[in-house]
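The structure appears below as structure tokens.
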Amino acid sequence: MAEECQERGIQFFVVIAPARSDFLKELDRQKANENDLFHDLYKWAKEKKIPVLNELKGKGYEWDDFSDTDHLDISGAKKLTRKIAKFIDEPLK
């Protein structure tokens, strides 16, 4: 998909969605840190010069923004959408 976007002149980027604090604590308990989880993704993105917006531990999300530990509800989705819009706009300026 990334290659097809590049061929068409479309900016491709990756978004790592936020997770609730209890999900993050479970990751820590299992000794699964963020660098281990996304190592291959970051390596690939760097090689392809693809921007990554990492909101896994993003600020501004409340418990009520999630429908479960790692899925946003409508209020959380709106917050993430605003952050994505800002992220997209930044490189263009």
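Only the coordinates and a few stated rules stand behind these numbers; no lab work does. Not measured: the values here are computed from a predicted model. Note that each Cβ is placed from the backbone with ideal geometry, even for glycine, and that neighbours are counted across all protein chains shown.
Observations, loosely collected:
- Rg(Cα)/(2.2 N^0.38 Å) for the chain, N = residue count: 1.20
- Across the options 24, 66, 84, the greatest Cα extent toward the positive end of the charge dipole of the chain (unit charges at beta carbon of Lys, Arg, Asp, Glu) belongs to 84.
- Across every direction, the projection of the convex hull enclosing the Cα atoms of segment 1-52 has a mean area of 4.1 nm².
- The C-alpha atoms of the chain define a longest principal axis, and helix 74-92 lies at about 30 degrees to it.
- In percent, rounded to a whole number, the relative contact order of the chain is 35, using alpha-carbon pairs under 8 Å and six or more apart.
- Each label was represented as a point 7 Å from its Cα along the Cα-to-Cβ direction; for residue 3 and residue 37 these points are 2.9 nm apart.
- Lysine pairs in the chain with Cα atoms under 20 Å, if 8 or more residues apart or on separate chains: 16
- For segment 26-70, the list of trypsin sites (Lys or Arg not before Pro) that fall in a loop by DSSP and count at most 11 other C-beta atoms within 10 angstrom reads 31, 49, 59.
- Counted over segment 38-90 with a bin width of 5 Å, the fraction of Cα pairs per bin, in whole percents, is 4, 17, 24, 19, 18, 13, 5, 0.
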